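Report on the structure given below.
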């Protein structure tokens with residue numbers, strides 16, 4: 001146990017930080033939010049003043065030199081996750097990284113190995129994994145009741161086209177214009193986001209897949225279409241997993257008027273069918289027959305779950321719900337997918353990412 005009230009900083013003061021992590025830390029009875037950091041120092045100070053956070057910094061080095069910390073939440077743009085997380089790990093801190101963990105598998109591997117060497121934890125900001133039926137599905141797969149995995153199908157569709165078009169009003173909460181900084185300028189910029197629908201949405205599907213199945217990717221073939229945007233809007237990914245099973249994963253960021261997030265896993269002895277939008281799961285595995293639905297109390301993304309787990313993890317009161325290992329596996333999927341798509345759908349081996 002590190003401390004009864006971990007001292008935590010948030011790096012990045014954009015939409016997700018101000019809407020989720022900062023309120024969650026302030027609401028947690030055993031967390032102390034001591035500082036915010038953003039490369040835009042004005043944004044950092046504005047947000048710190050609005051939320052009553054004592055200190056604001058414009059650089060990670062300044063934050064790490066100026067504060068005594070137990071943990072850091074990394075909510076910067078995707079392309080900076082690796083450098084920011086590495087600096088925090090080198091300082092011996094526990095970290096929670098928002099998705100995707102990094103843009104490249106070699107970077108994710110290095111962070112996981114560094115955390116192990118430092119005896120600290122990397123937690124991931126994948127909130128969909130906290131559904132009770134997702135946890136039950138993981139337990140059933142781990143028990144062997146599903147048998148050997150043979151086929152996976154996953155889809156993640158949502159209307160996020162305005163974000164990819166760079167429209168600043170997209171995703172902005174009503175009445176919070178002073179606090180919430182829209183992510184549109186980042187999500188429409190391939191240099192900072194690394195990509196579009198894959199890094200923004202398919203990564204969530206990947207976290208569910210690897211959290212439940214325990215598998216990892218061996219080989220990927222992918223096609224992606226931008227439809228006039230600077231980043232990918234529609235993704236289609238064919239996957240071979242490490243046990244030889246196959247899968248198809250994909251989706252569009254242009255599903256006007258709705259969302260569709262489904263994951264099915266088919267094994268030798270049964271199947272799992274999760275509908276995240278409906279909040280339901282059906283599991284048939286051997287003698288197990290389960291139909292479960294979310295209640296109103298545990299809906300809305302479990303919006304504070306990742307932050308609360310991180311605090312309790314540092315306190316020694318909880319296991320790491322979604323570890324850096326899961327984040328790394330998701331990066332392997334997306335790294336190979338983007339490389340394949342850039343090479344007209346040619347197959348890419350995960351092993352080649354580390355050559």
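The values are calculated or read from the model by the stated rules, or taken from the named source; none is laboratory data. Small disclaimer: the values here were computed from a predicted structure and weren't measured. Neighbour counts are summed over all protein chains in view; Cβ atoms, including those assigned to glycine, are modelled from backbone coordinates with ideal geometry.
Here are the numbers:
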item	result
Single residue of 69, 96, 63, 25 found to be in a loop (DSSP other than H, G, I, E, B), farther than 19 Å from residue 187 by Cβ, in contact (Cβ under 8 Å) with a residue 40 or more places away in the chain and touching a strand residue (DSSP E or B) at 6+ places or on another chain (Cβ under 6 Å)	69
Check on residue 85, more than 22 Å from the chain's Cα centre (by Cα) and either assigned to a strand (DSSP E or B) or modelled with pLDDT of 95 or more (or both)	no
Residue count, the stretch 310-338 (criterion: assigned to a helix (DSSP H, G or I), within 22 Å of residue 209 (Cα to Cα) and in contact with a helix residue (DSSP H, G or I) (Cβ under 8 Å, 6 or more places away or on another chain))	15
Subset tally (residues that are in a strand (DSSP E or B) and over 22 Å from the mean Cα position of the chain (by Cα)) for the stretch 247-271	6
Single condition residue 81 does not satisfy, out of (1) in contact with a helix residue (DSSP H, G or I) (Cβ under 9 Å, 6 or more places away or on another chain); (2) surrounded by fewer than 16 Cβ atoms within 10 Å (Cβ to Cβ)	(2)
Whichever residue in the stretch 297-309 is surrounded by fewer than 23 Cβ atoms within 10 Å (Cβ to Cβ) and in contact with a helix residue (DSSP H, G or I) (Cβ under 6 Å, 6 or more places away or on another chain) and, among such residues, is modelled with the lowest pLDDT	301
Selection within the stretch 227-246 - assigned to a loop (DSSP other than H, G, I, E, B) and more than 19 Å from residue 146 (Cβ to Cβ)	227, 228, 229, 230, 231, 232, 233
Enumeration of residues in the stretch 146-164 that are crowded, with 17+ Cβ neighbours inside 10 Å, part of a loop (DSSP other than H, G, I, E, B) and modelled with pLDDT of 95 or more	146
Odd one out for residue 294, checked against (1) at pLDDT below 95; (2) crowded, with 16+ Cβ neighbours inside 10 Å; (3) over 30 Å from residue 26 (Cα atoms)	(3)
Residue satisfying all of: in the stretch 28-58; assigned to a loop (DSSP other than H, G, I, E, B) and touching a strand residue (DSSP E or B) at 6+ places or on another chain (Cβ under 7 Å); surrounded by the most Cβ atoms within 10 Å (Cβ to Cβ) among these	31
Failed item in (1) modelled with pLDDT of 95 or more; (2) exposed (fewer than 14 other Cβ atoms within 10 Å of the Cβ), with residue 240 passing the rest	(2)
All positions within the stretch 244-285 that are loosely packed, with under 15 Cβ neighbours inside 10 Å, within 19 Å of residue 139 (Cβ to Cβ) and at pLDDT below 95	none
Residues located in the stretch 1-16, provided they are crowded, with 24+ Cβ neighbours inside 10 Å and closer than 18 Å to residue 93 by Cβ	6, 8, 9, 10, 11, 12
Wholly enclosed helices (runs of 4 or more DSSP H) of the stretch 173-226 bearing at least 3 residues at pLDDT 95 or above, in the same structural domain as residue 252 (by TED's automatic domain parsing) and under 30 Å from residue 46 (Cβ atoms)	190-193
Unmet criterion (only one of (1) in contact with a strand residue (DSSP E or B) (Cβ under 6 Å, 6 or more places away or on another chain); (2) in the same structural domain as residue 143 (by TED's automatic domain parsing)) for residue 314	(2)
In the stretch 339-355, the residues that are assigned to a helix (DSSP H, G or I) and either farther than 24 Å from residue 126 by Cα or within 12 Å of the chain's Cα centre (by Cα) (or both)	340, 341, 342, 351, 352, 354
